[in-house]
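The values are calculated or read from the model by the stated rules, or taken from the named source; none is laboratory data. This one's a predicted model, so the numbers in the text were calculated from it and none came from an experiment. We place every Cβ from the backbone using ideal geometry, glycine too, and count neighbours over all the protein chains shown. Each accessible area value is taken on the protein alone, full model and side chains, heavy atoms only, with ligands, DNA and RNA left out. Shrake-Rupley method; radii C 1.70, N 1.55, O 1.52, S 1.80 Å.
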Amino acid sequence: MNVQTPTSSPDAAATEKNARAIAEAAFSPVRFALFLIAIVIAKFPRVVLGQETFFHRDYGLFTYPIAHYVRECFWRGEIPLWNPFNNFGIPLLAQWNTSVLYPPTLFFLILPLPWSLAVFNLGHLVFAGLGMYFLARRWTGSQIAASFAGTVFAFNGLSLHMLMWISNLACWAWMPWVILFVEQAWNWNADESLKSGDNVSRNFIHPLSSILYSRFPFLHPCSARRAVLLAAVAGAMQMLAGAPELILLTWLFLAAMWLGRMLRENVSRKRLFWRTTAICALVAGFSAAQLLPFMQLLAHSPRDTGFGDSKWAMPGWGWANFFVPLFHCSPSILGIYSQDEQQWTSSYYMGIGALALAALALGRKNHSRARWLAVAAVIGVVLSMGNNTPVYACIRRVFPFIGMMRYPIKIEVLTTFALPLLAAYGLNANKDEAGPHKQKLARPFFTVGIIFAIVIAGILVYANKFPAPKESWAVTLASGLSRALFLALILAGAWMVLRAHSVRTVTLAAAMILLLVTVDAFTHTADQNPTLPNVIYGPLGNPQLAPVRLGESRAAVNPKLNAFLSFAATPNAFNYYLGERSALFLDCNLIDRIPTVSGFFSVDLKSSAEVSAIWNDPSLTFPKPLEDFLAISRISSEDSSFTWTNRSNFMPFVTGGQKPVFAGDAETLRALASTAFTPSTIVYLPTESRGSINAGQGAVAIQMKKFEAEQVDFETQSTGPAMIVIAQAFYEPWHAYVDGKRVPLWKANGAFQSLQVPAGKHEVRVVYQDRAFRTGTAISIATLLLTGLCWVRTSRREKG
C-alpha cells in the first residue's frame, strides 16, 4: 500500500503567511525605536539620569575637553577656529573630527555638561539602529529582519567602544541613512504618484511619514529633485560629523553600488550619473565650510602617504575574535580587554548569532546582494589586517593616499556595516515557503551551528596550547563557551521565527532573539564604558596652576611623566582619571583653560610637530633655553601628576629686539635643541626672509593690551627697526598689522611667529583670519539658499 506524504493546503499556507504578516506588524519603526531607547536606559541608567558620565580613554582625554571648550566658545559668541591652549596653538575647527560644525552638537552646547554630551552619544546609538532598520527593511521587506539588523548595528563591540568619540560614532550612525537616501534618489521615478504602492513612504518610512509628513508635508520627497536634496543633506550631516576614514568607506560602498547599477541593462545610466553628480556636488557645497579649512590644515601637516604605515592593524588571527571575543586579549588595569596589537577599539565583536545568520544568507539562491555584502564584509576584515596580509600593501601601491590613514583597523567598519544586513537576509530566508518545504529549514541551521561550534572549539584548543603572553585560559574558555550558548539559543529562535505557524510564537521568538543579541553584545567582554560621578569634570582647583594663564605663561607635562601616563593606570577609576586631569595629560587642560605645550589632535602642524618632537622625547634632557622661550612657568615632576615645579626664567609670550639669524629648517631645529640657544637675543628666521628684514638687535618696550584665542594686541616702542617674536605657532591664517597696515608675518624659531616693526611707537595687531573658512562658509550658505529655493519652488509646482 502506498502512503502519500501529507501536504499543506493552499488555505493553510495563506493562513501561515497572514500570521507572519501580523507578527511583522508588531516590529514597527516606532516600537523598535522604543526598544532601542529602553535598552540604552537599562544599560546606562545613571548616565541617562545625569548621575554619572563616561571618562575612559579618549572620552575623558579628548572628546569631553574639546566639547567643553567649544561650548565655552559658543556661549561667548566665538567660532573656535584656533585653540591657543595646546601645541603652541593649533587649528581646532579645521581638525574636522572636533565636529564643531555638526548641527546636532547644539544639544550639548545648549544643555548642561557632562550629562548632555553623554546622552548625545547614547542617542546616536539609537539613531544608528533606526537607520539600519530602515535600510534592512527596504532591502529585505521584513520588519523582523530589519529589527534584528538594527539591533546588531546599534549594539556590538565596535559601536559600544565608539561611545568615547563624537565624530566616529556620528559618522558611523549616519552611514545607513546616507546609503538609504542615496539609493532612494537613484530609484525615484518622477512620474510616480504619492499613491503608488512602491512609494518610499510605503516601503520604508510609512509609519513615521504618517506622523512627520502629515504635520510637515513640505519635507516629503515627492519628487526626484527632493529625493536628491534629502540624500545630499544626509551626506552633508555625515561629512560635518568628521571621521574621514568612515566617510570614505561610506562613499566607496556607494560607489560599488553605483557601478553595479551602471552595468545593468534596464537602468537609465544618464539619470543615475546626473543624480549622483548632483548629490556629490551638494554634499561638497553644504560641507565646504568644514572641508576647505581641513584641506588647508592637511597641506601644512606631517600627514603624507607614508604617515599611517600599518600601525594598529588587526592581527592575522583577529578573525577569531568574531567567534571568541576574548581570544588572545588581555585586560587593562581597569579590567577592559583588548588586543595588544591594536588599541583603536577594545572590541569589534558583532555577535555570534549575527555571524551565523550571515552565513545562512549565503545559501540563499538568486540573492546577489547578499553575496555582495559578504564580499564587502570579507574585504573589511582583510584590509583591516594591514600589512599582516599582502593585500593591503598591494592596494597602497596602487592608491598611495591610503597611507595617510592612521590605523588600518578602521577599515573593519565596512564589516560592521555589512554583517547586520547580511544577517537580516539570513533571518528572512525562505520566509514564504510553507508546508513540507519548511521541514528542510532545520538542515542549514543545524549545519551552520555545528560548523561554528567546531570553529569555537578549535580556537579554544589553540588558545590552550598557544596562549598569548597575558591571556587567561579561564577567561578565554568562558568567552568561547558562553558564545556557543548564545549561538544555540539565537539559531533556535531564528528557526522558530521561520518555522512557527502562529502569530504568538513568531512574535515571541523574534523578540527573544533581539534580547539575546543585546545581551550577547553587553556581556561579550568587560564593561567597555565605565562611568564616574559627574564631579570628576568639576573645577580642578589646583593652586599650583592658578597663575598659569593664556598670554602670560604655560604649563608643561614632564616628558617622562607623559610617557608614563600613556601606559600607567590604577584600579581606582576615580583616582586614575583625576591623576590624568591633574597632570594636564593630552587635552585635559582645556577643561580648566590652562595653556600647555602639549596636546592630542589628529592633524598637527608640521613645524610645530618638529619642535614638539624635541620636547616629547623622554630620553633627552629638554634644553632650558627652549623652555624659557616657550614661556613655561610650571613643569610637572617626573613621577607625580600632582606635583609642579615653578620656573622663574620663562620669557613672556611676546618679546622683541632679537638679532635675526637666517637659517634652514634643519639648522634651526638643531639650534633649538642646543643649550647654547639664547632666545632673548637671537631669532632664527627662514632664509627667504633675508631680503625683507633690516632689523638688528636692540631694546624694545612691549606693552600687552590683549591676548585672546584669535587676536593679540600690543604696543611697541623702539629706537630702530626691531623684530617682534610671539611664542605661538605659525600658520598661514595668522596676519600681522602695524598701525592698521598689514605687514609680513614670518616663521620664527622653526615654528613660531615674528614680524618687524619700524622705529618709534606703534600699535600691533596679530589676528587669525581664516579665509578658507570664510570662503567655505560663503559656499555653504549659497548652497543652502539655492537648495531651499529649489525645494520651495518644487512645492509650489506640486500644489499647482
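Values as computed for the structure displayed
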item: Residue list for region 318-359, restricted to those being open to solvent by 20 Å² or more (accessible area, probe 1.4 Å) and either of a type in the set (S, T, N, Q) or modelled with pLDDT under 95 (or both); result: P331, S332, I333, L334, G335, Y337, D340, E341, Q343, A359
item: Restricting region 527-555 to residues that are within 29 Å of the chain's Cα centre (by Cα) and part of a loop (DSSP other than H, G, I, E, B), the residue that is surrounded by the most Cβ atoms within 10 Å (Cβ to Cβ); result: Q528
item: Cross-chain or 6+ apart pairs with Cβ under 8 Å, region 591-615 first and of a type in the set (S, T, Y), then at pLDDT below 90 and assigned to a loop (DSSP other than H, G, I, E, B); result: T596/V557; S598/V557; S602/R406
item: Residues of region 739-784 satisfying the condition of being hydrophobic (A, V, I, L, M, F, W, C), closer than 25 Å to P302 by Cα, in a strand (DSSP E or B) and touching a residue at least 60 places away in the same chain (Cβ under 8 Å); result: W746, A748, F752
item: Subset of region 626-679 (residues that are β-branched (V, I, T), farther than 21 Å from S692 by Cβ and either surrounded by 20 or more Cβ atoms within 10 Å (Cβ to Cβ) or touching a His at 6+ places or on another chain (Cβ under 9 Å) (or both)); result: I632, I635
item: Members of region 487-526 found to be small (G, A, S) and in a helix (DSSP H, G or I), listed by number; result: A488, A492, G493, A494, A509, A510, A511, A521
item: Subset of region 150-187 (residues that are aromatic (F, W, Y) and open to solvent by 10 Å² or more (accessible area, probe 1.4 Å)); result: W165, W174, W177, F181, W186
item: Per-region count, region 258-288, residues outside any helix (DSSP H, G or I) and either in contact with a Lys or Arg (Cβ under 8 Å, 6 or more places away or on another chain) or not charged (D, E, K, R) (or both); result: 5
item: Qualifying residue in region 614-625 (condition: buried (at least 18 other Cβ atoms within 10 Å of the Cβ) and under 22 Å from R549 (Cβ atoms)); result: yes
item: Residue count for region 87-108, restricted to those that are in contact (Cβ under 8 Å) with a residue 40 or more places away in the chain and assigned to a helix (DSSP H, G or I); result: 7
